[in-house]
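Visitor: Sharing a structure with you now.
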Amino acid sequence: MMQISFVDIIEFIGTFAFAISGIRLASAKQFDLFGAYVVGLVTAIGGGTIRDVLLDVTPFWMTDTIYLIITAFALLWVMVFSKYLVKMNNTIFLFDAIGLALFAVVGIQKTLDAGYPLWVATIMGTFTGAAGGVLRDVFINEIPLIFRKDIYAMACVMGGFAYWICGRIGCDSIVTQVTCGVCVFLTRVLAVKFHVSLPTLKGEEEHHK
């Protein structure tokens, strides 16, 4: 019988959350069911695929069909509860923030388990959390969040910092992972709520004004 770890559970929930965010955006663009499923799947597996390729391991979804099944459930969930989701204007943001936080934790932990240092794990956690959203936005013809002023990828970096602090004070693995995920989620949510953003790089035209 296959043993499911805490990280696996995080990854399953993150897959569901990210798939919903992708499918909701695809439905807003009036994609058909197959197109919405593809967008949801790419959102859910895109970042982890890039992480695994860089770590020189088989992409996680190629060894277990559960991720394809979870995305199908996410599509069904959006279809059943579409009327409620439309009324809840913040659902896309909420599921995206949850997916970002959970996948950042998964990326950091899997990289550490592969024997890499925390700074590499933080970068991989950022890829895992943010890259799926980038691919989603490209698929639906939007400017990716990571390229806007929003605190997005930087939230994953803050999660890596929280992970480091927990390691320094001797927290156990589950507490460390939960703290990391909460840090990413809160950083993302609070940045949006209070309109905190990174400074933009000014072009030559703006300097000459």
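Visitor: For residues that are touching a strand residue (DSSP E or B) at 6+ places or on another chain (Cβ under 9 Å) and among the aliphatic types (A, V, I, L, M), scanning just segment 180-195, find the one that is surrounded by the most Cβ atoms within 10 Å (Cβ to Cβ).
Guide: Once the filter is applied, the top-ranked residue is Ala191.
Visitor: Looking at Leu201, is it part of a loop (DSSP other than H, G, I, E, B), aliphatic (A, V, I, L, M) and under 30 Å from Lys29 (Cβ atoms)? Write out each step before concluding.
Guide: Numbers: part of a loop (DSSP other than H, G, I, E, B): yes; aliphatic (A, V, I, L, M): yes; under 30 Å from Lys29 (Cβ atoms): yes.
It is true that Leu201 is part of a loop (DSSP other than H, G, I, E, B), aliphatic (A, V, I, L, M) and under 30 Å from Lys29 (Cβ atoms).
Visitor: Being touching a helix residue (DSSP H, G or I) at 6+ places or on another chain (Cβ under 6 Å) and without any contact (Cβ under 8 Å) to a residue 24 or more places away in the chain, is that true of even one residue in segment 105-116?
Guide: The answer is yes, given that some residue of segment 105-116 is touching a helix residue (DSSP H, G or I) at 6+ places or on another chain (Cβ under 6 Å) and without any contact (Cβ under 8 Å) to a residue 24 or more places away in the chain.
Visitor: All but one of (1) within 18 Å of the chain's Cα centre (by Cα); (2) at pLDDT 95 or above; (3) among the aliphatic types (A, V, I, L, M) hold for Ile165; state the number of the condition that does not hold.
Guide: The one condition Ile165 does not meet is (1).
Visitor: Now for a separate question. Condition test on Asp56, is it out of contact with any His (no Cβ under 6 Å at 6 or more places or on another chain), farther than 14 Å from Ile23 by Cα and crowded, with 17+ Cβ neighbours inside 10 Å?
Guide: no
Visitor: Search segment 174-195 for residues that are at positive phi and pair each with any residue that is among the acidic types (Asp, Glu) and not in a loop (DSSP other than H, G, I, E, B) when their beta-carbon atoms are under 9 Å apart and the residues are at least 6 apart or on different chains.
Guide: From residues that are at positive phi, there are no pairs.
Visitor: Select from segment 28-70 the residues that are at pLDDT below 95 and either among the basic types (Lys, Arg) or in contact with a strand residue (DSSP E or B) (Cβ under 7 Å, 6 or more places away or on another chain) (or both) and list them in ascending order.
Guide: The answer is Lys29, and nothing else.
Visitor: May I pose another question? Cβ contacts < 7 Å: first residue under 14 Å from Glu142 (Cβ atoms), restricted to segment 14-41; second residue charged (D, E, K, R) and in a helix (DSSP H, G or I), any location; separation 6+ or different chain. Result?
Guide: Ser21/Asp96; Gly22/Arg136; Leu25/Arg136; Val39/Arg136
Visitor: Which residue is farthest from Val157 (Cα to Cα), if the candidates are limited to segment 69-120 and must be surrounded by fewer than 17 Cβ atoms within 10 Å (Cβ to Cβ) and charged (D, E, K, R)?
Guide: Lys83
Visitor: Here is a check on your reading of the model: is Gly35 more than 18 Å from the chain's Cα centre (by Cα) and surrounded by 15 or more Cβ atoms within 10 Å (Cβ to Cβ)?
Guide: Values: more than 18 Å from the chain's Cα centre (by Cα): yes; surrounded by 15 or more Cβ atoms within 10 Å (Cβ to Cβ): yes.
Yes: the conditions hold for Gly35.
Conditions (1) over 21 Å from Trp61 (Cα atoms); (2) not small (Gly, Ala, Ser), marked per residue:
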residue: Phe81; (1), (2): yes, yes
residue: Thr91; (1), (2): yes, yes
residue: Ala101; (1), (2): no, no
residue: Val106; (1), (2): no, yes
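Visitor: Also, quick follow-up: Scan segment 124-179 residue by residue and report those that are among the aliphatic types (A, V, I, L, M), outside any helix (DSSP H, G or I) and surrounded by 14 or more Cβ atoms within 10 Å (Cβ to Cβ).
Guide: Of everything in segment 124-179, those that are among the aliphatic types (A, V, I, L, M), outside any helix (DSSP H, G or I) and surrounded by 14 or more Cβ atoms within 10 Å (Cβ to Cβ) turn out to be Ile140, Ile151.
The values are calculated or read from the model by the stated rules, or taken from the named source; none is laboratory data. For clarity, every value in this text was computed on a predicted model and none was experimentally measured. In this analysis, Cβ positions are derived from the backbone assuming ideal geometry, glycine residues included, and neighbour counts consider all displayed protein chains.
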